[in-house]
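Reading through the structure tokens given below for one structure.
The values are calculated or read from the model by the stated rules, or taken from the named source; none is laboratory data. Everything quoted here is computed from the prediction, not taken from an experiment. A quick note on method: Cβ atoms are made from the backbone with ideal geometry, for glycine too, and the neighbour counts reach across all protein chains shown. Surface areas here come from the heavy atoms of the whole protein model, side chains and all, with no ligands, DNA or RNA. Shrake-Rupley method; radii C 1.70, N 1.55, O 1.52, S 1.80 Å.
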Amino acid sequence: MSTEAEQLESLAQQEYKYGFVTDIEADALPPGLNEDVIRIISQKKKEPAFMLEWRLKAYRRWLKMEEPKWPKVEYPEINFQDIIYYSAPKNTPKYNSLDEVDPQLLETYNKLGIPLEEQKMLAGVAVDAVFDSVSVATTFKEKLSEMGVIFCPISEALQEYPDLVKKYLGSVVPATDNFYAALNSAVFSDGSFVYVPKGVRCPMELSTYFRINAQNTGQFERTLIVADEGSYVSYLEGCTAPQRDENQLHAAVVELVALKGAEIKYSTVQNWYPGDDEGKGGIYNFVTKRGIAHENAKISWTQVETGSAITWKYPSVILKGDNSIGEFYSVAMTNKFQQADTGTKMIHIGKNTRSNIVSKGISAGRSNNSYRGLVKVMKSAENARNFSQCDSLLIGDKCGAHTFPYIEVNNTTGRVEHEATTSKIGEDQIFYCNQRGLDTEQAVSLIVNGYCKEVFRELPMEFAVEAQKLLSISLEGSVG
Amino acid sequence: MLQIKDLHASIEGKEILKGIDLEVKKGEVHAIMGPNGSGKSTLANILAGREEYEVTSGSINYLGEDLLELDPEERAHKGIFLAFQYPVEIPGVSNVYFLRTALNEVRKSQGLEELDAAQFLKLVRRKIDLVELDKSLLNRAVNEGFSGGEKKRNEIFQMAVLEPKLAILDETDSGLDIDALRIVANGVNSLKSKDNATIVVTHYQRLLDYIVPDVVHVLFKGKIVKSGGKELALELESKGYDWLK
Ligand SMILES: Nc1ncnc2c1ncn2[C@@H]1O[C@H](COP(=O)(O)OP(=O)(O)O)[C@@H](O)[C@H]1O
Ligand SMILES: [Mg+2]
């Protein structure tokens, strides 16, 4: 019995495969944060005046705010004055072709298995690559612009479409929404902006690969996606990071606006460095993601979270319009000393609004994995429907899984259903697979992937394959 | 092919097998009978390599190798197949995907090329008729929501695809109606060859009307108390086990 447990244990030990640092000379500010730093950021980005005011307002509010303490995660206190708030690769011209891109950067993508060349050829995937904090390569832009779709770095959007950005930035996640969102609003360096015009079905999946690179650089991405009436867009976000010693803070904000009859599908595969065997050095990931769905609109969040030392993340949907739909599909895998406190919020405001939550937690090693979900049905939300399914899978006996569902129903016609299960990966299942010729590592990977099926099938094809690979990688290890 | 010598095994400190001797040759069908709790499944699981059971003494030789030295998956690669008394459900993993993975693992270990989806499907079409398994079960999750009979047929279907050298059927007959029994038996019989062997574990005689054994053993309280020809099964049917005590 104990050897089986040990085997499972050692399975859960797996070296981070993407631990390498690319040496591109960084143009960075010294560590620390004050109003001047914010001014410099805004200036470097050649931002319109309103943006600086917006940032400063957020900063002043942030100074008065406190870090949230309610998540079930523990970490040493972060000194926000030790963080570098701006760094950019030295040369950031816009390239016309890949030949002009720094070969070292391309090499980095090659190591990650996502070479740009291939992506360019990959049918229908436009890539806005965020390297450190500044975008250095954008493809498929022409095809998109033919249809009026805007997909560009948010810094560029601020210069070229300031009114559009001004109208929606902060409209879903106000600059002062929470501690990390306020910090992000003050110092965000870059991110993506998407606008899909009325009635347009975006012809390709839009995708961004994030990568944190310069030492000790806080990463503050800001993403804003606006789907105008009756439009559709699918957006993919994926990332992986080099191995390092110091903890890295990442506090992104993602805002989605789905106007009347629009649909936004937002998929994430997150694989940031989770820390070493003692849990040191991993990424802290404090993310605010929220969407607003107007009448007959639909927003789906699908996430596969395998990385980071700490994940604090609750992609949410405000179901404002009548008949709007919110969905959340999540796989959160923790291993070693990783801690994840993740879930969703579904706020039903409009009539006949529907939300669906499928959360699959997998805990291995000494990790802790919490689901925290809020379903709120407001008085106005006649006939609101929610269904939540929260499953936890334990691998080994030193990890933890926790579920915190909060349900608040203020309209008697609302119907909210919550189901939760916790199971251990079965020795019977593993033996059954062994007997058919699969080794234990394969068996665990197969069983876990099966367990996550409901979520994976929500991902776009290529992404689903990548997600399965990632999950298998994070489960791999030397079988004793 | 298989020689078991003076095998003692226990679980959680309790001795279950108390000295088993058994020899199975290529081409043979052996039946192991005995009342509930006599250790039949224990023996089957030990042959397949289940770790919970501790072999305290004795030896098992399989095709010239010390079987007890091999991991369960290595045993599978070398042709040992156990049809489980209680087949296990694996939610979210499709039956065909599972089986193709299994077959390819076995093939890889033998230095054979892996089969792609199309080649595998061809093979599946040939084998599925053998056990008259409902095709819709192929794309369902492994054993999930299968009826008792469907699970058992699925085991035999897996066996048909994997073509083991030594198949051990642990009470594959229990819970089957006569039609299903006949189908399962047909499956087993049509896979029989002079190069492979089958151990059929059962506590009813009726399966042996369809699968004719060369040797019948009676396992009682962890020991083989009697071995004989197929007529022994009939004798057990009429007299029960008491006379063997
Ligand atoms: N996992 C287990 N833990 C404890 N006792 C067990 C376990 N498995 C089997 N046994 C015991 O071993 C004996 C033999 O069981 P088994 O091999 O399943 O018998 P059979 O298949 O002949 O009915 C029984 O007394 C049973 O209670
Ligand atoms: Mg039994």
Margin query: In segment B:26-89, if the dipole is taken from +1 on Lys/Arg beta carbons and -1 on Asp/Glu beta carbons about the Cα centre, which of B:Ile32, B:Ser59, B:Leu70 is farthest to the positive end?
Written below: B:Ile32
Next item on the list: Using a/c under 1.5 as the rounded threshold, could you call segment A:38-91 rounded, prolate or oblate? The axes a ≥ b ≥ c are square roots of the C-alpha gyration tensor eigenvalues, and prolate needs a/b larger than b/c, oblate otherwise.
Entry: oblate
Item checked: Mean shadow area of segment B:37-109 over all directions, Cα convex hull, nm² -> 6.1
Checklist line | J(HN,Hα) series, segment B:163-177, from Karplus relation 6.51 cos²θ - 1.76 cosθ + 1.60, nearest Hz, glycine and proline x | finding: 6, x, 8, 10, 9, 10, 9, 8, 6, 4, 7, 5, x, 9, 7
Next item on the list: Only helical DSSP H runs with n ≥ 4 go in: add -39500 (n - 2.57) per run for the protein assembly as shown, normalise by residue count and round the 222 nm mean residue ellipticity to 500 deg cm²/dmol.
Entry: -8000 deg cm²/dmol
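Chains B and A: what accessible area do they bury, summed, in square angstrom to the nearest 100, with a 1.4 Å probe?
Values: alone 11810 and 19240 Å², together 28840 Å².
Between B and A, the summed buried area is about 2200 Å².
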Check: Can you give the accessible area of A:His402 in Å² (nearest 10), computed on protein heavy atoms with a 1.4 Å probe?
Finding: 50
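Accessible area per residue, 1.4 Å probe, Å², for the protein assembly as shown: what's the number? Intermediate results must be reported in sequence, preceding the final value.
Values: 28840 Å² over 725 residues.
On a per-residue basis, the protein assembly as shown sits at 40 Å².
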Note to self: Could you work out what % of the accessible surface of the protein assembly as shown is carbon and sulfur, using a 1.4 angstrom probe and leaving DNA, RNA and ligands out of the count?
What the structure shows: 48
Item checked: For segment B:179-232, alpha-carbon Rg over 2.2 N^0.38 Å -> 1.21
Checklist line | Rounded to whole Å, sorted largest first: equivalent-ellipsoid semi-axes of segment A:404-480, Cα gyration tensor | finding: 33, 17, 11
Check: What fraction of the Cα pairs in segment B:2-244, stated in percent, has a spacing above 23 angstrom?
Finding: 49
Margin query: Can you sort A:Thr412, A:Thr342 by solvent-accessible area, 1.4 Å probe, largest first?
Written below: A:Thr412, A:Thr342
Note to self: Positive end of the dipole of segment B:112-245, charges at C-beta (+1 Lys, Arg; -1 Asp, Glu), about the Cα centre: which of B:Leu133, B:Ile183, B:Phe146 has its Cα farthest in that direction?
What the structure shows: B:Ile183
Next item on the list: Provide the solvent-accessible area of B:Thr101, counting protein heavy atoms only and rolling a 1.4 Å probe, rounded to the nearest 10 Å².
Entry: 30
Check: Under a Cβ-Cβ cut-off of 15 Å, what is the net charge of the residues other than B:Glu74 that fall near it, where Lys and Arg count +1 and Asp and Glu count -1?
Finding: -2
Check: Amide H of A:Gly400: which non-local residues (sequence gap of 5 or more, or other chain) have their own amide H closer than 5 Å, using H built in the peptide plane?
Finding: A:Ser367, A:Asn368, A:Asn369
Notebook entry, point to check: Quick one: in segment A:336-437, what % of C-alpha pairs are over 16 Å apart?
Noted result: 62
Margin query: At 1.306 mPa s and 10 °C, plugging the Kirkwood radius over alpha-carbon pairs of segment A:369-426 into Stokes-Einstein gives what diffusion coefficient in µm²/s?
Written below: 123
Checklist line | Lys, Arg +1 and Asp, Glu -1 on Cβ, resulting dipole of segment B:2-244 about Cα centre, debye, nearest 20 | finding: 520
Check: Residues with beta-carbon under 13 Å from that of B:Ala233, excluding B:Ala233: net charge, scoring Lys, Arg +1 and Asp, Glu -1?
Finding: -2
Notebook entry, point to check: Structure shown: which of A:Lys336/A:Lys453; A:Lys453/B:Lys40; A:Lys313/B:Lys108 lie over 32 Å apart, alpha-carbon to alpha-carbon?
Noted result: A:Lys453/B:Lys40; A:Lys313/B:Lys108
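Within the set A:Lys360/B:Lys14; A:Lys44/A:Lys320; B:Lys5/B:Lys194, which residue pairs have Cα atoms separated by over 32 Å?
Flagged as over cut-off: A:Lys360/B:Lys14; A:Lys44/A:Lys320.
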Next item on the list: Note down the magnitude of the dipole of segment B:54-125 about its Cα centre, charges +1 on Lys and Arg C-beta and -1 on Asp and Glu C-beta and zero elsewhere, to the nearest 20 debye.
Entry: 480
Item checked: Cβ charges +1 (Lys, Arg) and -1 (Asp, Glu), total dipole of the protein assembly as shown, debye -> 1840
Next item on the list: Rounded to the nearest 0.05, what FRET efficiency do B:Trp243 and B:Thr56 give with R0 = 30 Å and r taken as the Cβ-Cβ distance? Could you check?
Entry: 0.50
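What fraction of the Cα pairs in the protein assembly as shown, stated in percent, has a spacing above 47 angstrom?
31
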Margin query: Given a 10 angstrom Cα cut-off, can you work out which residue in B:Leu112, B:Leu208, B:Leu232 is the most mobile in a GNM of chain B?
Written below: B:Leu112
Check: Counting only other chains, what is the mean number of Cβ atoms within 10 angstrom of the Cβ of each residue in peptide B:89-99?
Finding: 5
Margin query: Leaving ligands and nucleic acids out of the surface, order B:Glu113, A:Glu458, A:Glu221 by accessible area at 1.4 Å, largest first.
Written below: B:Glu113, A:Glu458, A:Glu221
